[in-house]
1. Across the stretch 157-209, what is the total count of residues that are hydroxyl-bearing (Ser, Thr, Tyr) and in a helix (DSSP H, G or I)?
2. Which one is surrounded by the fewest Cβ atoms within 10 Å (Cβ to Cβ), of the residues in the stretch 79-98 that are in a loop (DSSP other than H, G, I, E, B) and under 13 Å from the mean Cα position of the chain (by Cα)?
3. Being at pLDDT 95 or above, of a type in the set (Asp, Glu) and over 18 Å from Ile219 (Cα atoms) narrows it down to one residue among Asp164, Asp169, Asp128; which is it?
4. Working carefully through the options Leu170, Leu129, find the one that is buried (at least 22 other Cβ atoms within 10 Å of the Cβ) and touching an Asp or Glu at 6+ places or on another chain (Cβ under 6 Å).
5. When only residues in the stretch 1-17 that are surrounded by 15 or more Cβ atoms within 10 Å (Cβ to Cβ) and among the aromatic types (Phe, Trp, Tyr) count, which is nearest to Gly220 (Cα to Cα)?
6. Condition (residue is more than 20 Å from Ala95 (Cα to Cα), of a type outside the set (Phe, Trp, Tyr) and not in a helix (DSSP H, G or I)) applied to the stretch 147-156: is it met by at least one residue?
7. Hey, among the residues in the stretch 18-49 that are more than 19 Å from Arg94 (Cα to Cα) and touching a Phe, Trp or Tyr at 6+ places or on another chain (Cβ under 7 Å), which one's surrounded by the fewest Cβ atoms within 10 Å (Cβ to Cβ)?
8. When both residues are 6+ apart or on different chains and their Cβ atoms are under 7 Å apart, which pairs have a first residue that lies in the stretch 184-196 and is touching a residue at least 60 places away in the same chain (Cβ under 8 Å) and under 17 Å from Arg30 (Cα atoms), and a second that is hydroxyl-bearing (Ser, Thr, Tyr) and crowded, with 19+ Cβ neighbours inside 10 Å?
Amino acid sequence: MASFYRDPQQVYRVRELERLEWLELGFGTRASGDWVVGELVTLRQIHSALCVWADGAASPAAAGDALVSNTPRRFLGIRTADCLPILMVDEQRRAIAAVHAGWRGTARRIAPKVVDTLVTRFASRPEDLLVAIGPGICASCYQVGPEVAGQFYPWFPELARVGDQTNLDLAEANRRQLVEAGVPAGRIYTAGLCSSCRPEEFFSYRRDPHTAGRMLSAIGLAGE
C-alpha cells in the first residue's frame, strides 16, 4: 500500500513519489484550503472525459475534467468532494496530469484518455507513468442504482448479479482502467481514504450535500 501521509499543511503527500525532487503534488483536506504557492491552473469541471492542455486554452473558465502540461512552475489543480482526484507524472518526459474522476468521467474512461493524451502530446510511455489516486468516496459509502452500475460491467462483471443498489468502487475502477491502458499496477498508488467516512478531514457532497466545500489537489514541476 502506498505511503500517503498528512503533512503540517494538512495536505496528503505520497512518499513513493517524493524521490522525484523536481515534482510537487498533494491532495488537499478540508483544513488545507488553497495550499498551492505559485501559479495554479484549474478548470470548470463538468463531469466529462475532456482533457485540456494547460499551456493552450486552459483558464478558470475552460470546461473539462483533466489538465496536462510539461511547463515548470505551474500547478494543475482539481477540486473534489467525493469524486476522485488522480495525479499522474511521466518521470522520463517530465509531463504531468491532474484528473477529476467522478462516476460519469470514470464510465467514460477519463483516466485512460489522459494516458493517451500524454502519449500523443509528450511521447510518454504508459510504463513510465506514476499515478496517485487520492481520497474519494469508498465503495461502502457509495451506493448506485442499476442505470449507473450497468456502465461499469466491463470492469466489474460481477455487478450484473447485484440487485437494485450496488456499492461502486470508483478507485478500483480507475485502477483497473489504468492497468488496461498499460500503466504497471505497481506504479499506481491508491490512498484508500474515504471522503465520506472521515468528516473531520474531508468534505463530502454525498454526506453533506448542502454544506460541502471542495478540496484542492494539485501537481506541479519545479523550475529549472
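1. Applying the first criterion (hydroxyl-bearing (Ser, Thr, Tyr)) to the stretch 157-209 yields 166, 189-190, 195-196, 204-205.
With in a helix (DSSP H, G or I) added as a condition, the list becomes none.
Of the residues in the stretch 157-209, 0 are hydroxyl-bearing (Ser, Thr, Tyr) and in a helix (DSSP H, G or I).
2. Initial filter on the stretch 79-98 (in a loop (DSSP other than H, G, I, E, B)): 81-83, 91-94.
Filter once more, keeping what is under 13 Å from the mean Cα position of the chain (by Cα): 81-83.
Details: Ala81: 21, Asp82: 25, Cys83: 25.
Applying the filter and picking the extreme gives Ala81.
3. Details: Asp164 fails: at pLDDT 95 or above; Asp128 fails: over 18 Å from Ile219 (Cα atoms).
From the options Asp164, Asp169, Asp128, the qualifying one is Asp169.
4. On the way: Leu170 fails: touching an Asp or Glu at 6+ places or on another chain (Cβ under 6 Å).
When all the criteria are applied, what remains is Leu129.
5. The residue in question is Tyr12.
6. Filtering the stretch 147-156 for residues more than 20 Å from Ala95 (Cα to Cα) gives 147-156.
This time we only want the ones that are of a type outside the set (Phe, Trp, Tyr), so: 147-151, 154.
Then keep just the ones that are not in a helix (DSSP H, G or I); that gives 154.
Yes: one or more hits.
7. Narrowing the stretch 18-49 to residues more than 19 Å from Arg94 (Cα to Cα): 27-37, 42-49.
If we keep only those that are touching a Phe, Trp or Tyr at 6+ places or on another chain (Cβ under 7 Å) as well, we get 27-30, 36.
Details: Phe27: 30, Gly28: 28, Thr29: 24, Arg30: 19, Val36: 21.
Going through the qualifying residues, I end up with Arg30.
8. Ala191/Tyr12; Ser195/Ser204; Ser196/Ser204
The values are calculated or read from the model by the stated rules, or taken from the named source; none is laboratory data. Computed from a predicted structure; not experimentally measured. Note that we place each Cβ from the backbone using ideal geometry, even for glycine, and neighbour counts take in every protein chain shown.
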